[in-house]
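Student: Would you mind keeping the following structure in view while I ask a few things?
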Amino acid sequence: MAYFSETQDLWLPRAVGACAGAAVSLIYMLPKGRREAASRFMTGLVCGLIFGGPVGLWGAERMHLAGELSAGEITLAGSALASLTAWWGLGVLARLAEKWGR
């Protein structure tokens, strides 16, 4: 049960990071309409919530900061990064599919 309570404490930084990453992705490349904005935001939010922990750990280990950052900081940064890059990866795939689909 102790493991579950530790994981429960990381939901807030995970959600904040995912929202921040999704918002930044909308600012970098403005959406064409409300539907695209909602789609991009939800994609970033879901990917940030799901992949935030592993991406944060990967980044912290790559930069040799795992011992210096708290679990909340690692999760927050990982969620933001996963959320931000989710739409960019999907955007590249969508553009390739649009190009080759014609």
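Just so you know, all these numbers are worked out from the coordinates, no wet-lab data involved. Here the structure is a predicted model, which is why all the values come from computation and not from measurement. Glycine gets a Cβ as well: all are built from the backbone with ideal geometry, and neighbour counts include every protein chain shown.
Student: Quote the relative contact order of the stretch 16-101 in percent (integer), defining contacts as alpha-carbon pairs under 8 Å separated by 6+ residues.
Tutor: Averaging sequence separation for qualifying contacts and normalising by length gives 42 percent for the stretch 16-101.
Student: Can you pull the one-decimal nm distance between simple spin-label points at Ser39 and Val92, each 7 Å off the Cα toward Cβ?
Tutor: Label-label distance for Ser39 and Val92, simple model: 1.9 nm.
Student: Follow-up question, since we're still on this one. Please arrange Ser39, Ser70, Ser79, Ser25 by counting, for each residue, the other beta carbons lying within 10 Å of its beta carbon, fewest first. Kindly include the intermediate steps, with their values, before the conclusion.
Tutor: Values: Ser39 14, Ser70 9, Ser79 32, Ser25 22.
The order, fewest Cβ neighbours first, is Ser70, Ser39, Ser25, Ser79.
Student: Ordered by packing density, taken as the mean number of other Cβ atoms within 10 Å over each peptide's residues, highest first, how do 63-69, 49-55, 8-14 rank?
Tutor: Most protected by this proxy first, the peptides run 49-55, 8-14, 63-69.
Student: Quick check: net charge around Pro31, other residues with Cβ under 15 Å of its Cβ, Lys/Arg +1 and Asp/Glu -1?
Tutor: Summing Lys/Arg as +1 and Asp/Glu as -1 gives +4.
Student: If I model the chain as equal point scatterers sitting on the Cα atoms and use the Debye formula, what is log10 I(q)/I(0) at q = 0.13, 0.15, 0.20 Å⁻¹?
Tutor: Debye intensities relative to I(0), on a log10 scale: -0.50, -0.62, -0.92.
Student: Go ahead and set up a Gaussian network model of the chain, Cα springs under 10 Å, then flag whichever of Gly33, Gly21, Gly59 fluctuates most.
Tutor: Comparing Gly33, Gly21, Gly59 in a Gaussian network model of the chain, the most mobile one is Gly33.
Student: Fully extended, how many nm does the chain gain between Ala23 and Trp58 (0.36 nm per residue separation, minus their Cα-Cα distance)?
Tutor: Here the answer is 10.4 nm.
Student: A follow-up question, please. What value, in deg cm²/dmol to 500, does the helix sum -39500 (n - 2.57) over DSSP H runs of n ≥ 4 give at 222 nm once divided by the residues of the chain?
Tutor: -29500 deg cm²/dmol
Student: Pick from Leu45, Leu26, Leu90: which residue has the top mean-square fluctuation in a GNM of the chain where Cα pairs under 10 Å get a spring?
Tutor: Comparing Leu45, Leu26, Leu90 in a Gaussian network model of the chain, the most mobile one is Leu90.
Student: Using a Gaussian network model of the chain whose springs link C-alpha atoms within less than 10 Å, name the residue from Ala86, Ala38, Ala22 with the highest mean-square fluctuation.
Tutor: So, out of Ala86, Ala38, Ala22, the one fluctuating most is Ala38.
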